[in-house]
Structures are given as C-alpha cells and as structure tokens.
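> Could you have a look at this structure, given as structure tokens, before my questions?
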Amino acid sequence: LLWTAIATLAWGLASGARAQEDARFMGLPPGGPGREPIDTTRLDVDRLPNDVAPVTRDLYDRGLFLEAHLGGLTFAGDARKVSRAGPRLAIALGYELTRWFAVLGQVEGSLHQTDNRTPPARTAYQLAGAVGGIRFSVPINASYALWVSGLVGCVWSSGDVLRALDFRDAFKLSLNYGGELGFDWHLRARHHSLGLLAGARHLPSLERDGFTVGAYGAGYLRYVF
C-alpha cells in the first residue's frame, strides 16, 4: 500500500510538470485555463473575449491622411436662378496633430448646367478651387466620431456663360469660405474609415445683385498613412 501511494504521488507530480512545460511552450499562462495571452496591438479581436483586448482609438493610425469625396453641390441665392445642382469631387490631404485636431488642404471641382432663359443658349460650366483649413474631431466611441472644419480658399469658373448672364466676376479667381460637418466611421482596420459630410461656402464671385452660397454633401473614403 505504501509503494502504491508513493507511485501515485510521483505520477501526479510528473503530470503537473508536463502540463506547465506544455503551457510555456504554447505561450499560455502557466496554470491557466488555456486562454491566449493579452494582445493589445491587434484589431481583428472578434475571436477573443472583449475583456482580453478591447478596441480603442489608440489602435488606429494617426498622422498624414488622404480623403476622396464624391457628392453633389447646389446653390442658394443668385446662382440658383440660373444654375442647376451638379456632381462634386474633392481630394483632401491633411495631418492629424492630435486625436482631436488636424490641418488640411483640399482641391475640388463641380459640374453644372445653366438653367436660364435664352439667349444666351443653355450650356455647362465647371467650378474648380482649392481651400485650406482646420478640423476638430469629437470621438463618440472607439469607432465613431463627429468633426467640424473651417475652410477658406479660392474658386474659379470656366467659360463665359456666367459673365454673359451678368455675373461680372464669375471668371475671376476669387475668395470663398465656409465650413463642413462630418460623421466618421472607422473600419476594423488601422488605416481606413468611411464618412458622410455636409458643407456650405460663401461664393462672392457668383453674386449678381444679392448673395450666393454653395451647399453640398458627400460620402468619403479616408486612408491614414
């Protein structure tokens, strides 16, 4: 009986040592229930318990970013009387100095058809411009954020059609200024996010005897380098 007890004890100690060695070999905590070690650098954490590797905004890249905007632009005021809404495209390049503050520059363009009584004949014209500005972001949670920006820059219109309709400064390179409000959704990836934005600009060069404001909306794709 004594020898049986000694053999049983020796077998149990050997089994415990073997289990500890297996756990160390697999990178698991010794004596643990077989859970994976905490990994705070991964975003593909759906397979892990939420309390092991929670997703935070610190997991996303921050710094230089590029955005592509696609949407439409319409007018209020003088230009609305002779122009239709049209498609708008913009490319923005910026840099996040902090999680909540960024500076950016943007080139943009839109295409419009005139809606005037003839003559002159109805035709199409383009608006092209460049702006710079600042952006403030307010995170809602790890994936969602709201932001607002202020922009100022220049705009130019092609052709002579607006000048023929008595918009005397339409063909000149002119000042424009305004702002944007946006909603950003970060994908489960370090670099990519999607968003929606709405904006408005004062356009002095498209004024005839009152005021002109350009209002626009767009969806965008954002990549952080």
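The values are calculated or read from the model by the stated rules, or taken from the named source; none is laboratory data. Computed from a predicted structure; not experimentally measured. Glycine gets a Cβ as well: all are built from the backbone with ideal geometry, and neighbour counts include every protein chain shown. What goes into the accessible areas is simple: the full protein's heavy atoms, side chains included, and nothing from ligands, DNA or RNA. Shrake-Rupley method; radii C 1.70, N 1.55, O 1.52, S 1.80 Å.
> State the number of residues belonging to region 92-120 that are open to solvent by 70 Å² or more (accessible area, probe 1.4 Å) and of a type in the set (A, V, I, L, M).
Going through region 92-120 one residue at a time, the tally reaches 4.
> So which residues in region 138-153 are of a type outside the set (A, V, I, L, M) and at pLDDT 95 or above, if there are any at all?
W147, S149, G150, G153
> I'd like to check something: does region 155-177 contain any residue that is surrounded by 14 or more Cβ atoms within 10 Å (Cβ to Cβ), within 18 Å of A198 (Cβ to Cβ), of a type outside the set (S, T, N, Q) and over 19 Å from the mean Cα position of the chain (by Cα)?
yes
> Might you let me know whether region 132-150 holds any residue that is of a type in the set (V, I, T) and more than 17 Å from the chain's Cα centre (by Cα)?
No; the residues of region 132-150 include none that is of a type in the set (V, I, T) and more than 17 Å from the chain's Cα centre (by Cα).
> List every residue pair whose Cβ atoms sit under 6 Å apart, with the two residues 6 or more apart in sequence or on different chains, where the first one lies in region 132-151 and is farther than 21 Å from A200 by Cβ and the second, anywhere, is open to solvent by 30 Å² or more (accessible area, probe 1.4 Å) and outside any strand (DSSP E or B).
P139/R57; A142/V55; A142/T56; A142/R57
> Let me ask something else. Residues to consider are F136, F171, F183; find the one that is in a loop (DSSP other than H, G, I, E, B) and of a type outside the set (A, V, I, L, M).
F171
> Between R88, R122, which is without any contact (Cβ under 8 Å) to a residue 12 or more places away in the chain and either assigned to a strand (DSSP E or B) or more than 23 Å from R222 (Cα to Cα) (or both)?
Exactly one residue qualifies, and that residue is R122.
> Of everything in region 156-203, what is closer than 24 Å to G217 by Cβ, in contact with a Leu (Cβ under 7 Å, 6 or more places away or on another chain) and charged (D, E, K, R)? Give them in sequence order.
If the condition is that a residue be closer than 24 Å to G217 by Cβ, in contact with a Leu (Cβ under 7 Å, 6 or more places away or on another chain) and charged (D, E, K, R), then E180 is the only one that fits.
> Select from region 178-190 the residues that are among the small types (G, A, S) and open to solvent by less than 20 Å² (accessible area, probe 1.4 Å) and list them in ascending order.
G182 - this is the single residue of region 178-190 that is among the small types (G, A, S) and open to solvent by less than 20 Å² (accessible area, probe 1.4 Å).
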